[in-house]
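Here is the structure we will look at, set down as structure tokens.
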Amino acid sequence: MKVLLLASEMVPFAKTGGLADVAGALPSALNRQGVDVTAFLPKYRCIGGGRFSLEPTGLTLSIPVGDRSVPCSIEKTLLPETAVPVYLVCCDEFFDRDGLYQDKGKDYPDNLERFTLFSRAVLEALKKLDIQPDVIHANDWQTALIPVYLKTQLAEDSFFRATKTLFTIHNLAYQGLFPKEKFPLTGLDQELFSIHGLEFYNKVNLLKGGLLFSDRLSTVSRRYSEEIQTPEYGCGLEGVLKDRREFLSGVLNGVDYQAWSPESDSLIAKNFSAKDLSGKAACKKALQKTYGLPQVPDAPLLGVISRLADQKGFDLLDEIFEDLMALSVQFVLLGTGDPKYHKRFELLAAKYPKKCGVALKFDNALAHQIEAGADLFLMPSRYEPCGLNQMYSLRYGTIPVVRATGGLADTVEDYHPKSGRGNGFVFEKANSKAFLKALRRALKVYAHQERWQSLMGHAMRMDFSWDRSAEQYLALYQSMTTA
Ligand code: ADP
């Protein structure tokens, strides 16, 4: 099975979010299943400058973007610690920039040109390099044009005759929307700018192209694959998704347990395991110190690590914050994002210096320290395609309190004190009352340390490794190629 994995970011080369983690981890997990994986990436500025060992392939291309022919070349590297070749599309005019998609919070005005060039260059390079994948696995709007070209302009091309396409949606809210005047830049027949094609409320919608023209679709959790067929979560594309539901499935993302395991994590104060939890107390103490909170061992410490975005349910947290502070708890937050939340949390930290610690930055080591040191982890998301932090939290015995949506619903099961079943605390409705109720239930169990410890043990033993996800992707690829 030969698979071409296409994403616009990939750890360790370039990252703005969870997509990069997936694209960086999935290839080696697929390798372990015997899949032959190749990847392509734009050569962004952060990939050059001697940070990675790159070699030229000698291949140069001239890619049509609207009326222009844009020159680019192809370099090659390997995904570290794997034999996965990663080909880089080099075009300084489009990719030698500080950001991947934007500068100072503003999207680059030529993103359509940039990812048109990338998509066409990939297809051209495959032929020139004689790489003939059984499956092209594209991800998100940046690579959504690839299935469109394959099913339209290249439909008769014998080179791609046996190639199938899978398109994975990591977050339906990001669709790659552009003014309709830009459609000709894609080189696609103008007829495709219609309600049955890439037109969406008089704009170009690249993601919609991916949804319509791929052989199969997937999202990063089963629950999210169902939610996005409804108006509440469908971001206007629910009709398209519903029409294609028989081709849509959900495969949960995995966790890189080499990086996220309390037994071996080198970024935390003391290692611990389900068998020996004693190190967790040291991690809690160190975390309290980092945030300048009183180092009391038995006050439940609530943690949040997140993009500060409306999606993550910060309005619900804000509404219950005063109630929370009236309880005997401590709270720490790590996050960056929307300025309105920066302001709000700065205010709250100033108001409750003994109970609330706030770090408004991106800091991977501190993220690990929160996972290790907190007692509970809060994710009241309005929607959550998969979510990684709740899975990290489970491994560190940091019990998640989550809203039942997307990947949160698929990974966290509500705890029942009587049966002892469950690994966290779940609330259904996106309102602050329900959130506070779930939190109070959690705190009640926390007060019974024996019960709490057995809940922690259960949570820590759960397995969300990439191997499971890779097996499911392989089954999906196989069903496509034998269909
Ligand atoms: P999303 O992709 O929607 O942002 P996920 O939970 O899927 O949410 O993944 C977020 C990833 O980014 C996690 O690995 C999380 O630990 C990390 N992260 C988010 N904010 C920060 C931050 N301020 N500092 C360090 N890591 C962060």
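The values are calculated or read from the model by the stated rules, or taken from the named source; none is laboratory data. This structure is a prediction, so every number in the text was calculated from the model and none was measured. Neighbour counts are summed over all protein chains in view; Cβ atoms, including those assigned to glycine, are modelled from backbone coordinates with ideal geometry. All accessible areas refer to the heavy atoms of the entire protein, side chains included, with ligands and DNA or RNA removed. Shrake-Rupley method; radii C 1.70, N 1.55, O 1.52, S 1.80 Å.
Of note:
Residue-by-condition table, conditions (1) within 17 Å of the chain's Cα centre (by Cα); (2) in the same structural domain as Tyr233 (by TED's automatic domain parsing); (3) modelled with pLDDT under 95:
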residue: His368; (1), (2), (3): no, no, no
residue: Glu371; (1), (2), (3): no, no, no
residue: Ser393; (1), (2), (3): yes, no, no
residue: Val412; (1), (2), (3): no, no, no
residue: Ser419; (1), (2), (3): no, no, yes
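- Cβ pairs under 6 Å, 6+ apart, first in region 358-376 and in contact (Cβ under 8 Å) with a residue 24 or more places away in the chain, second of a type in the set (Asp, Glu) and more than 7 Å from the ligand (Cβ to nearest atom): His368/Asp265
- Gly387 vs. criteria near the ligand (Cβ under 8 Å from one of its atoms), buried (at least 20 other Cβ atoms within 10 Å of the Cβ) and either assigned to a loop (DSSP other than H, G, I, E, B) or of a type in the set (Val, Ile, Thr) (or both): yes
- Being in a strand (DSSP E or B), out of contact with any helix residue (DSSP H, G or I) (no Cβ under 6 Å at 6 or more places or on another chain) and crowded, with 19+ Cβ neighbours inside 10 Å is a property that holds for Leu88.
- Scanning region 438-474 for residues that are assigned to a helix (DSSP H, G or I), within 30 Å of Lys164 (Cα to Cα), out of contact with any Asp or Glu (no Cβ under 8 Å at 6 or more places or on another chain) and open to solvent by less than 90 Å² (accessible area, probe 1.4 Å) yields Asp467, Ser469, Ala470, Gln472, Tyr473, Leu474.
- Selection count where residues are open to solvent by 20 Å² or more (accessible area, probe 1.4 Å) and away from the ligand (no atom under 13 Å from the Cβ), scope region 295-314: 4
- Scanning region 268-281 for residues that are surrounded by fewer than 16 Cβ atoms within 10 Å (Cβ to Cβ) and either of a type in the set (A, V, I, L, M) or under 28 Å from Thr405 (Cβ atoms) (or both) yields Leu277, Ala281.
- Residue in region 2-20 that is charged (D, E, K, R), closer than 26 Å to Leu207 by Cβ and more than 16 Å from the ligand (Cβ to nearest atom) present: yes
- Residue match in region 246-266 (condition: surrounded by fewer than 24 Cβ atoms within 10 Å (Cβ to Cβ), away from the ligand (no atom under 16 Å from the Cβ) and part of a helix (DSSP H, G or I)): yes
- For region 440-462, a tally of residues being touching a helix residue (DSSP H, G or I) at 6+ places or on another chain (Cβ under 7 Å) and within 23 Å of Phe331 (Cβ to Cβ) returns 7.
- Positions within region 319-376 being more than 16 Å from the ligand (Cβ to nearest atom), out of contact with any helix residue (DSSP H, G or I) (no Cβ under 9 Å at 6 or more places or on another chain) and open to solvent by less than 30 Å² (accessible area, probe 1.4 Å), in sequence order: none
- Of residues in region 395-407 being over 17 Å from Arg223 (Cβ atoms) and hydrophobic (A, V, I, L, M, F, W, C), the one farthest from the ligand (Cβ to nearest atom): Ile399
- Restricting region 282-294 to residues that are touching a helix residue (DSSP H, G or I) at 6+ places or on another chain (Cβ under 9 Å) and open to solvent by 70 Å² or more (accessible area, probe 1.4 Å), the residue that is nearest to Gln453 (Cα to Cα): Lys285
- Subset of region 141-159 [without any contact (Cβ under 8 Å) to a residue 40 or more places away in the chain and either in a loop (DSSP other than H, G, I, E, B) or over 29 Å from the mean Cα position of the chain (by Cα) (or both)]: Gln153, Leu154, Ala155, Glu156, Asp157, Ser158, Phe159
- Only listed residue being more than 26 Å from Asp467 (Cα to Cα) and either out of contact with any helix residue (DSSP H, G or I) (no Cβ under 8 Å at 6 or more places or on another chain) or open to solvent by 10 Å² or more (accessible area, probe 1.4 Å) (or both), chosen from Gly239, Gly209: Gly239
- Enumeration of residues in region 390-413 that are outside any helix (DSSP H, G or I) and touching a residue at least 24 places away in the same chain (Cβ under 8 Å): Tyr396, Gly397, Thr398, Ile399, Pro400, Val401, Val402, Arg403, Ala404, Thr405
- Any hit, region 16-36, residues being within 19 Å of the chain's Cα centre (by Cα) and in a loop (DSSP other than H, G, I, E, B): yes
- Residue list for region 109-140, filter: among the polar types (S, T, N, Q) and within 22 Å of Pro184 (Cβ to Cβ): Asn111, Thr116, Ser119
- Selection of region 414-437 for residues being crowded, with 24+ Cβ neighbours inside 10 Å and either within 13 Å of the ligand (Cβ to nearest atom) or part of a strand (DSSP E or B) (or both) yields Gly424, Phe425.
- For region 179-189, filtered to residues that are of a type outside the set (D, E, K, R) and open to solvent by 20 Å² or more (accessible area, probe 1.4 Å), the residue that is nearest to the ligand (Cβ to nearest atom) is Pro179.
- Matching residues in region 33-56 - criterion: being surrounded by 15 or more Cβ atoms within 10 Å (Cβ to Cβ) and within 11 Å of Tyr87 (Cβ to Cβ): Thr38, Ala39, Phe40, Leu41, Pro42, Lys43, Leu54
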